[in-house]
Structure formats: structure tokens, C-alpha cells
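**Q** Sharing a structure below in C-alpha cells format, with a few things to ask.
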Amino acid sequence: MTAPATIPLGYAVGSGEPVAVPLRHLAVTGQTQESGKTTALEALVTRAGVPALAFVTKRGETSFAGGRRVPPYFRDRADWQFVTSIIDATLQEKNKFLRPWIMKICRNTRTLADVHREVKKALVKAKGINEGVYTQLDAYLDLIVPEIARVPMTPGLTLTPGLNVIDVSAYATPMQMLFIQSAIDWVNRQERHVVTIVPEAWEFIPEGKGSPVKASAVELVRKGAGIGNFIWVDSQDMAGVDKVILRGCTVWLIGVQREANEIKRNLSNIPAGIARPTAGQIARLEKGQFYACWRDNTVLTYVRPAWMSENQATAIAKGLLSVDRVRPPAPAPKPEEPMSAGLEQKFDQLSGKFDQLIGALSGRSTAAPAANPLSAPPQEVASRPADTEPLPAGEEALYQRFKARLIAELPSDPVVMQVVCSKPELRVEVERQVVTIDGSTLRGRIARLIADGWFDQPRTTGDLVAELGRRGYDGGQTININVGKEMKAFSEMGFFTRENKWYTLAAGMKVNVVEK
Ligand SMILES: Nc1ncnc2c1ncn2[C@@H]1O[C@H](COP(=O)(O)OP(=O)(O)OP(=O)(O)O)[C@@H](O)[C@H]1O
Ligand SMILES: [Mg+2]
């Protein structure tokens, strides 16, 4: 496949002239929700003419909805560098101390489960410092190995032309990292002319901290361009993103930022030799406007989203139409997941049995097999729960016989056993997540706002940063990133739902905030 040299991005603000950027390693930055980073990446992908691979990491994220869903792929590894990077990611820092023990353990291991088993074996006999180290390693591996065991194994990735999307939002961050790392490794080894989009780059390819994704992403940056593979990184703040990767990005899209220091730090990460706008110009950008920077070009561009017509986009670029007047189409409803063959068979089996049961209970005896098990004496089974409607004497006996037969026929299936034996009620068990109000932590301060009713109306992270500041919180230069992280954690705990930039407090969650 011959890749296009440039990709249409949008229209120059003012003149409305078309703007296209070279297909290279690319970085996009700008304030959360206010800039439109993901929308810009989505737009480029649909016009790039090469397959692209994106990841959905946030629950409820509506971006990349039009892409073909690809099951996550994970390739197990157990070399010491890989194990070290997982532990670094868990600890949020580089840890050289544990390295000799990891090297020793990983000498003959093939999978992370092997590593975990070896650690547990070593722990049995360990004394003193060894005992401490193996206990730590055991605890870190406990966080990831059971999750890996739950991942459906796929032999690799099948990428098709256009946008391919791997949705890993249902997994915790360490497992998301392993999926992204495996996918990038796959692209490095197997693919040509593929664009890989790394979301939330400050989290997945951080500067100064370990992450399993980093080595694979660095390899993509160093060797990818020669074979047409490119990385596109997305991060609201580039200060926390690995510098090797940023130095490899020769096309930059810079969206609005309002905080002076953040703008300065972002600009300082643009490799030398690429022209760039001034801090003042960046602060005045509007939604969907980016400075497209490569070599000696800095073109103020209105990005045309994938869903927008060329006429509308040109009108916005020329200032004839307000960007807020045009809304993206509502996402199409998700098609229902088909049942797996095994589940369907079980379902048919069960509905047949329940039809028989209901037929018998209502007096419509179904054709009984030659040796009629219904005429057999009832086995010892627990009686029906006391709080269900009493059945007439004959029917109660019949019910017990059916129940006995169902249990006898499907004894090894715990799910079916539960259906047959349990009370006729659905119980959804929800783990109650409790957050403590505590002025010394960011999470505790957000908890205070929940308790005070400040979240009784939907809020954005921008609102939240402003309110925290108003209440005297000094979050320093990384406040936006940290607030974003906390809101992600709160959402994962079920406190908030997120719709575009708006966080809405889930009903009844206020009671889960407690005073210290
Ligand atoms: N060029 C554009 N024209 C019109 N609307 C846009 C444009 N870009 C983004 N938007 C709208 O702005 C909102 C935020 O966009 P998007 O999700 O792309 O932001 P983001 O910078 O990726 O945010 P985050 O950092 O939270 O991921 C969305 O509702 C999107 O439809
Ligand atoms: Mg985004």
C-alpha cells in the first residue's frame, strides 16, 4: 500500500483554505474538552487512507464510536525488563532495588503466571531481606496475574483498512497498559503502514516513571517511520510524557491551553527545528482550533471533525458560523451482543426444562420419557423458600420432583444450580465505595464538594479546578492532570457518570462520602 504524503486536517482560520499535514509521528495537545484533541485524531484517521489502531480507555468515552471493534490482544511475557516495567508502573516510579531478585526469578519463566508461581515458591524458604522482597513481588503480581487469567486469549490482531478500536475501558490501568503494549508490539513486528494512537500519553508513556508501554512505543518511534508505522500521541499536558517519544514527533497539533505555565511547558517539548506559535496565541484558541506545526509551518487551522460537512467547516473557519451551532450526531445505539454458542445451548436446554415444568404445574403434562422420572419418589431436596406462595399439596410434590430432576441432571453447573435452588429474586451485589472528606488530599477535597452539594448539578473538570482554587487549594502545575485522574477514579467507583465534559453525580452516592 502506498501511504498518502499528507492528510487533510481542516481549514485555515480566516481564509478557509484547506490545510493538510504530513503523515508522520504526531503529537496533539490541548486542554481537556476545550480543545478537541480526540475529535482531531478521529478526523485525521478517517482521512489518512491507512489502517489506524485506537484504544478506548475511559468508560463512557463516545469517541472512536465509528471504528471496527477489535478484541483486546495480550501476549504474555516474562523477561525481567518486562516484569520490572509492570512493577514500576504499579509503584509509579522506577525501582532498581528489586531488579536483582526479578532477574533471578525470571531466568526460566515464560508467563507472568510462571513468575508469580516462582515468587511464591521462593517465599516459602525466604528469610530476612529475601522474605521482604518476595512478599512485595507477590503482592504486586497479585494485582495483575489474576486479571490476566480472566482475559480471553486471542492469537493476534486482525487490522482492517480504516479505524480499528480496542476497547479496554473495562480493565484496570495496569491491565490496560499490557493490552496497549501487546498491540504496539504486534504492530512493530507484524504490520506496515499502520497508525497507532496512544491516548492519555502522560499515563501510558510517562516521563521518568516506568510503564510496560514505553519500550514498545519507543521502538515504534525509532523504527516505525521506515516501514510506514506511525505513533500519534494524545495528552493534555506534554510535560509528563516520555521525551524520546515527543522528540520523535515531527507534526504537532496545539490546541487551547489557558494556564501560562502549562503553555510554556508544552511549547518547550516541541523538538527543535519545528516552528511554533506564541503562548498568547495558544491561550486565545477556540474549540476545534489548532496550530498545526511541522518544519517551518504554523498554520492556525479549524479542524473539520469526521462527522462535519466541508461547507460547515469552511464556514466555521471563515468565522461565518459559530462552532457551538453545530452538534455531532447522536451515537448509534450499540447492536446487542450475540450470545456465545455455549450459552445459547444452555439457554435452550433451560427453557425446554422450564416449559416442561410450567406445563406440568399447570396440568398440561408433557410427553414423559419411557421411564418417567416424575413418577419416581421425590429425592431429599430443600423445600421451597418459605416466603413464596404456597402451592396446593399435589403441585408442591410435583414441584419438588421437577426440582430434584433438574438438579440431578445438571449437577456440575453452578449457574444452573443457582437458578434452580435460589429464591426467585434478582440480587445485584454492589460493593459500597466510601470516600472520606479530608482537606489534606485532593480526593478528600473533592469528597467535601460532593457532600456540600456542589455536584448537585453537572460540572466539568474546568469548573472543579476553579472551585478548588476558590476554596484555597493550591494544586501546582499538575492540577489539571491530577484532577482528571481523581475524577476518573471517582467515576470508576461509580460516583459519577461522564457525558462529554460533564460529570453528573450518580443518584444516592452522596451518602458514600463520610467525615474523617
Ligand atoms: N473541531 C470541532 N468542531 C466542533 N466541535 C468539536 C470540535 N472538536 C471537539 N469538539 C467537541 O468538543 C467536545 C470535546 O472534544 P474532544 O473529546 O475531542 O476533546 P478532548 O480534547 O479529546 O478532551 P479530553 O482531554 O477530555 O479527552 C466534544 O463534544 C466534541 O464534539
Ligand atoms: Mg480526548
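The values are calculated or read from the model by the stated rules, or taken from the named source; none is laboratory data. Everything numeric here is computed off the predicted structure, so don't read it as measured data. Ideal geometry is used to build each Cβ from the backbone, glycine not excepted, and the neighbour counts take in all protein chains shown. Areas reflect the complete protein model, heavy atoms only, side chains present, ligands, DNA and RNA absent. Shrake-Rupley method; radii C 1.70, N 1.55, O 1.52, S 1.80 Å.
**Q** What's the whole-number percent of alpha carbon pairs in the range 21-131 lying beyond 15 angstrom?
**A** Here the tail beyond 15 Å accounts for 76 percent of pairs.
**Q** For the residue pair T478 and R189, what label-to-label distance in nm results when each label sits 7 Å from Cα along the Cα-to-beta-carbon direction?
**A** Result for the modelled spin labels: 3.3 nm.
**Q** Also: Give the peptides 235-245, 289-299 in descending order of average Cβ contacts within 10 Å, highest first.
**A** On the way: 235-245: 22.0, 289-299: 19.3.
In descending order of packing, they fall as 235-245, 289-299.
**Q** Here is a further query. Could you go through the range 136-149 in sequence order and give the Karplus-derived ³J(HN,Hα) for each residue, using 6.51 cos²θ - 1.76 cosθ + 1.60 with θ = phi - 60°, rounded to whole Hz, and x for Gly and Pro?
**A** 4, 4, 4, 5, 5, 5, 4, 6, 10, 4, x, 5, 4, 4
**Q** Hey, can you grab everything whose amide H is under 5 Å from the amide H of T301? Only 5+ residues off in sequence or another chain; H modelled, so Pro and N-termini drop out.
**A** Amide H neighbours of T301, under 5 Å, 5+ apart: V13, F290, Y291, A292.
**Q** Could I ask something else about it? Based on the mean of other Cβ atoms within 10 Å per residue, sort peptides 106-115, 22-31 so the most packed one is first.
**A** Highest mean packing first, the order is 22-31, 106-115.
**Q** Sticking with this structure for a sec: Using modelled amide H (1.01 Å from N, peptide plane; none on Pro or chain starts), what sits under 5 Å from the amide H of G66, excluding residues fewer than 5 places away?
**A** For G66, whose amide H was placed from the backbone, there are no distant partners under 5 Å.
**Q** While we're looking at this one, here's another question. Whole-Hz ³J(HN,Hα) for each residue in the range 47-62, computed from phi via Karplus 6.51 cos²θ - 1.76 cosθ + 1.60 with θ = phi - 60°, x for glycine and proline: what do you get?
**A** Taking θ as phi minus 60°, the curve returns 10, 6, x, 10, x, 10, 10, 10, 10, 9, 10, 9, 5, x, 5, 9 Hz for the range 47-62.
**Q** To continue, here is another question. K104 accessible area, nearest 10 Å², 1.4 Å probe?
**A** 120
**Q** Between Q81 and A126, what is 0.36 nm times their sequence separation minus the Cα-Cα distance? Round to one decimal in nm. Numbers along the way, then the final one.
**A** On the way: separation 45, 0.36 × 45 = 16.20 nm, distance 2.31 nm.
Length gained, Q81 through A126: 13.9 nm.
**Q** With a Förster radius of 30 Å, plug the Cβ-Cβ distance of Q92 and R276 into 1/(1 + (r/R0)^6) and report the FRET value to the nearest 0.05.
**A** 0.45
**Q** Working out 0.36 nm times the residue gap between K510 and A149, then minus their Cα-Cα distance, what length gain in nm do you get to one decimal?
**A** Length difference between fully extended and current span is 126.5 nm.
**Q** When the label point is put 7 Å from the Cα of R59 along its Cα-to-beta-carbon vector, which residues of the range 434-460 have a backbone N closer than 20 Å?
**A** Only 434-436, 443-444, 446-448, 450-451, 455-460 fall inside the zone, counting backbone N under 20 Å.
**Q** When ligands, DNA and RNA are left out and all protein chains stay put, how many square angstrom of accessible area per residue does the range 1-156 have with a 1.4 Å probe?
**A** Accessible surface, normalised per residue, equals 48 Å².
**Q** Counting only residues 5 or more places away or on other chains, whose amide H sits under 5 Å from the amide H of T196 once H atoms are built in the peptide plane?
**A** Amide H neighbours of T196: L53, F230, I231, W232.
**Q** Output wanted: per-residue J couplings in Hz (rounded whole) for the range 233-247, from phi through Karplus 6.51 cos²θ - 1.76 cosθ + 1.60, θ = phi - 60°, x for Gly and Pro.
**A** 9, 10, 7, 5, 9, 7, 4, x, 9, 3, 6, 4, 5, 5, 5
**Q** Mind checking the full-extension length gain between A260 and R443? Use 0.36 nm per residue of separation minus the Cα-Cα distance, one decimal, nm.
**A** So the extension gain works out to 63.4 nm.
**Q** Okay, next question. Extending each Cα 7 Å along its Cβ direction at R247 and R107, get the distance between those two points in nm, one decimal.
**A** In this crude spin-label approximation the distance works out to 3.6 nm.
**Q** Students often get this wrong, so check it: of K94/K243; K96/K223; K264/K488; K37/K287; K243/K488; K264/K318, which have C-alpha atoms separated by over 19 Å?
**A** Over 19 Å Cα-Cα: K96/K223; K264/K488; K243/K488; K264/K318.
**Q** Please check which bits of the range 477-516 a label hung off D142 would reach, taking the label as a point 7 Å along Cα-to-C-beta and the cut-off as backbone N under 17 Å.
**A** Counting backbone N atoms under 17 Å from the label point, the list is empty.
**Q** With +1 assigned to the C-beta of every Lys and Arg and -1 to the C-beta of every Asp and Glu, and no other charges, what is the dipole magnitude of the range 217-290 about the Cα centre in debye, to the nearest 20?
**A** 200
**Q** Continuing with the same structure: Looking at the range 288-330, what % of the alpha carbon pairs are farther apart than 17 Å?
**A** 33
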